[in-house]
Each structure stands twice: as C-alpha cells, then as structure tokens.
1. Could you identify the single residue in Ala115, Ala91, Ala110, Ala124 that is assigned to a helix (DSSP H, G or I) and closer than 23 Å to Val262 by Cβ?
2. May I ask you to say which residue of Thr175, Thr132 is open to solvent by less than 40 Å² (accessible area, probe 1.4 Å), in contact with a Leu (Cβ under 8 Å, 6 or more places away or on another chain), polar (S, T, N, Q) and at pLDDT 95 or above?
3. Please go through (1) open to solvent by 50 Å² or more (accessible area, probe 1.4 Å); (2) touching a strand residue (DSSP E or B) at 6+ places or on another chain (Cβ under 8 Å); (3) modelled with pLDDT under 95 for Ala124 and return the number of the only condition it doesn't satisfy.
4. Ala100 versus (1) open to solvent by 10 Å² or more (accessible area, probe 1.4 Å); (2) closer than 22 Å to Leu313 by Cα; (3) modelled with pLDDT under 90; (4) not basic (Lys, Arg): which is the lone unmet condition?
5. Might you check whether a residue that is under 16 Å from Ile154 (Cβ atoms) and modelled with pLDDT of 90 or more occurs anywhere in region 66-89?
6. Mind checking which residues of region 304-317 are open to solvent by 80 Å² or more (accessible area, probe 1.4 Å) and either at pLDDT below 85 or in a helix (DSSP H, G or I) (or both)?
Amino acid sequence: MHFHWPELLWFLLSLPLAVLAYLALLKRKRRTALTYPSLSLLRPALGPGQRIRRHIPPALLLLAWAAVLIGLARPTARVTLPADYMTLVLAMDVSRSMLAQDVEPSRIEAAQAAARNFVQELPANVRMGIVTFAGNAQLVQQVTDRKEDLLAAIDRFELQRATATGSGLLVALNTLLPDAGIDLESLLYGQEFRYGLGAGGYGSSAGRSLERRESVSAPKKESQPVPVGSYTAGAIVLLSDGRRTTGPDPLAAAKLAAERGVRVYTVAFGTVNGFVPGAEGWSFYARVDEEALQGVAEITGAEFFRATNANDLKQVYQHLTSKFALETRDTEITALFAAAALVLVLLAAGLSLHWYRR
C-alpha cells in the first residue's frame, strides 16, 4: 500500500494518546463511584461479559478514528479490476522463415489459426489493429472493433524476405499512439529520408554548408518519459519466429515504447530446429531469437512467452485475452477507509444503545 500524503500518518500517534485518556477517565470514574457494602454482591450482577463489553463501543470508535486518519493520507493499493476500453496492436512476423514446418502444418498457418481464435475471443471492450513485418513493416488493418475485418486481414498475410522486428514494433507503436509525435520515417529510414535529402539527388544535403543543412531539419519533438508500463489504454503483442536481419534495433524501439509507458508482450514462435526446405531454390534454418524478444518484454514491463506448437500459441493468446479483460492497477482506496469508519461508528452507536440505552 502507498500513500499520496504519507506525512499525515503522523496523526496516528494520537491513537495511543486516546487510549491513555480513556484509561485515565475510567480511573477517575472509579474514584467517584459509590461505595457498596460488599463487592461480592456487585460482581455476580455484572458478570465477566458485562465488564468486557462496556469497552467494545469505545474500541470501535478508536478503530473508526484510525480508519479516518489512514484515509486522510489517501492510500492506494494494487487491485485487479475490469479493464476500460482498450486498444491492442498485433505485430506479426511474415518473413519466409514462417514457412518452417517444425510446427504443423507450418508456422504461418498455425500462427494465423491462433490469431483468428485470439480475435474471436477478444473482450467486447478491446479494439485491435494488425501490423505485419518482414523486410519492412506495414499496417494491414487499422484499429477497429469489427472482428470480420480483423479476420480478413489475417487471411491476407503474404510472406516476404528478411525480418525487420524493430520496424514492426515501431509501426505498431505509431498505430497505438498516432498522436504521440513519433517521427516514424526518420526512425525507420533515417533523417535524410524524412526530409527528402537523398544522397546526390534532388534535395541532397551534399555541398551545403552546415548551417544550411541544419536549417532544413525540423525540430525534434521531445516527449517526457512516463513510468514503464503506466499506459493502461492499450498494449502491443509482437510475435516473431526469427532473428532481425534488417531495420532498427528492436531493443531501441522497445525503449521508445517504454518511455511512453506502453507494454510490449512478445511471443517466440517455433523450435530451435526450424528448417525451411527448398524455398525458391534455397534452404535455411529458422531459429527464434528468444533473447531479443525477452529483452523487449523486460524493457517495457510486459511478459515474454514461448510457443513451440500450435497449442502453446493458442494458450498464450488465451492468457493474453484474460489479461486484457482484467487490469491490475494502482487505485486510490480512500473511500473504503471512509466507509469502514462510518460502519464502525454506527456499530459502536448501535451496541451502546442496545446495551446501555444511551
């Protein structure tokens, strides 16, 4: 449990002072009490239960006061609640290594089948977009809550050469946060491409003075980093079966996502013995880069999953579906302490009226 105003917890020191004041009051009452001719007549009338229960209403009031003091400090706790409306972006590897048949009938067919099930089981409060990446990355389905559009996009996957995992992550991040000021062109292709400064061609910076080159560069929009994993309105799910062969470093892209609080859940799909025989006249081994995918998940405060067959991948998606239906977050629980204090006061008053008519 954490507190927004922890300095107010010093007021809890008033609790032992209240106890001492109560004991002093009891002692004073005993001094002014009437003298009975024999205590042997009084004790049976009171009984042990009578002597104990007279302290119960004051004890309840003391607990109520403690609840009020804790509530004033504005406590927060990590609780699991139904998620608000969320946006997911699924980034799928469509490199030719997905032709490997270590997962039956092939990696790509098993991945498509699992992705379809994932879409079908999405909670009603979740929208989704789909990005594919191979030698480059592209948005194949805008964010939508229409499941038929998402399923059609999955059916349209086309395999290509190379694996640009970082590009896929960056396009997914830009899809999730389109207004975050992410300079996607510069990140994917470099600053020269972003401002049309091709080498030796029209708009080239060759032959220009340093001042002239700087004058054509747009100012970089700075964003203030937020706590890792603090973005609760959406997340990215990235599935890959191979190593990056081109494009930006996925770990650098993960740091960009982490600075914006976005979690990137990663799935390593396939076995260490993945082999693509005779693809366009050539064969190659397709091993999963688990280390990089683990790093992406760790940097962004998310989870890494390993799936070596279609059933594993289905279970991963089922786990993610339940995770996005329920959300764990820090929530202020001041109202709970206020309610507890009210209940304790009413209980103390009720017992006092019932037992002593006052």
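1. Sole residue among the options that is assigned to a helix (DSSP H, G or I) and closer than 23 Å to Val262 by Cβ: Ala115.
2. Just one listed residue meets the conditions, Thr175.
3. So Ala124 meets the others, but not (2).
4. Going through (1) open to solvent by 10 Å² or more (accessible area, probe 1.4 Å); (2) closer than 22 Å to Leu313 by Cα; (3) modelled with pLDDT under 90; (4) not basic (Lys, Arg) one by one, Ala100 breaks only (1).
5. For region 66-89, residues under 16 Å from Ile154 (Cβ atoms) and modelled with pLDDT of 90 or more: present.
6. Asn311, Lys314, Gln315 - these are the residues of region 304-317 that are open to solvent by 80 Å² or more (accessible area, probe 1.4 Å) and either at pLDDT below 85 or in a helix (DSSP H, G or I) (or both).
The values are calculated or read from the model by the stated rules, or taken from the named source; none is laboratory data. Computed from a prediction, not measured in an experiment: that's the story for all the values here. Quick reminder, even Gly has a Cβ in these numbers, built from the backbone with ideal geometry, and neighbours come from all protein chains shown. SASA here: full protein model, heavy atoms, side chains in, ligands and nucleic acids out. Shrake-Rupley method; radii C 1.70, N 1.55, O 1.52, S 1.80 Å.
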